[in-house]
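The values are calculated or read from the model by the stated rules, or taken from the named source; none is laboratory data. Quantities reported herein were computed from a predicted structural model and do not represent experimental measurements. Here the Cβ is made from the backbone with ideal geometry for all residues, glycine too, and neighbour counts use every protein chain on show. Remember, those area values only see protein heavy atoms, side chains included, never the ligands or the DNA or RNA. Shrake-Rupley method; radii C 1.70, N 1.55, O 1.52, S 1.80 Å.
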Amino acid sequence: MIWHWTGLAVCSLTLLPAALALITRRVPQRLHSRLAPMRPRGWMLLALYMAAPLNAVPRLVGASPGLIMAATAVAGVVAVTGLSVAAVAAHRASRAAA
């Protein structure tokens with residue numbers, strides 16, 4: 001159980017602030033060109049962050065195995081959706097630049 005708390009804390013301290021900074025475009029000016037497109041990357045990080053609470057919280061509250069499996073499946077779908085949004089946005093940005 002300590003690993004669930006640790007993973008949730010690490011994700012909350014790293015992914016959540018980075019995602020919110022990218023979504024609101026509050027990143028240093030020198031990083032704008034590297035992180036373009038910023039908003040889709042921020043949504044991707046937020047989706048990856050959401051996978052952590054969806055996996056950890058049901059286990060921490062002692063939910064039924066069926067609910068834990070459903071939450072894990074939803075976490076996987078959210079993470080894959082976030083990754084696909086970022087991939088499509090990066091592909092469009094590279095095509096637009098060329």
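Using a 7 Å offset from the Cα along the Cα-to-Cβ direction at both residue 98 and residue 63, what is the distance between the two label points in nm, to one decimal?
4.2 nm
Length gain on complete extension for the stretch residue 87 to residue 73, per 0.36 nm per residue less the alpha carbon to alpha carbon distance? Each step should come with its number before you reach the end.
Values: separation 14, 0.36 × 14 = 5.04 nm, distance 2.11 nm.
Taking residue 87 through residue 73 to full extension adds about 2.9 nm, to one decimal.
To the nearest 20 debye, what charge dipole does the chain have about its Cα centre, counting +1 at the Cβ of each Lys and Arg and -1 at the Cβ of each Asp and Glu? All intermediate terms of the calculation are to be shown ahead of the outcome.
On the way: 9 positive and 0 negative charges, 103 e Å.
Dipole about the Cα centre, nearest 20: 500 debye.
If R₀ is 41 angstrom, what is the calculated FRET efficiency for the pair residue 10 and residue 30, using the beta carbon separation as r and rounding to 0.05?
Taking R0 as 41 Å, the efficiency between residue 10 and residue 30 is 0.95.
Using the membrane-span-like helix rule (whole DSSP H runs, Cα extent along the own axis of at least 27 Å, mean Kyte-Doolittle hydropathy at least 1.0), which helices of the chain qualify?
Result, helices passing both filters: 2-23, 65-97.
Which residue, 17, 28, 40, has the most motion in a Gaussian network model of the chain that connects Cα atoms within less than 10 Å?
Fluctuation is largest for 28.
Rank 76, 42, 66 by mean-square fluctuation in a GNM of the chain with C-alpha springs under 10 angstrom and give only the top-ranked residue.
So, out of 76, 42, 66, the one fluctuating most is 66.
Expressed as a whole number of Å, what is the distance separating the alpha-carbon centroids of the range 38-65 and the range 19-34?
Their Cα centres are 22 Å away from one another.
Looking at the chain, identify the longest residue range that excludes and avoids all trypsin sites (Lys or Arg not before Pro) in DSSP loops having at most 12 other Cβ atoms within 10 Å.
Looking at the chain, 27-98 is the longest stretch - no exposed trypsin sites (Lys or Arg not before Pro) with at most 12 other Cβ atoms within 10 Å.
Please calculate how many Å² of accessible area the range 1-69 carries per residue, with a 1.4 Å probe and no DNA, RNA or ligand atoms counted.
Normalised by residue count, the accessible surface of the range 1-69 is 66 Å².
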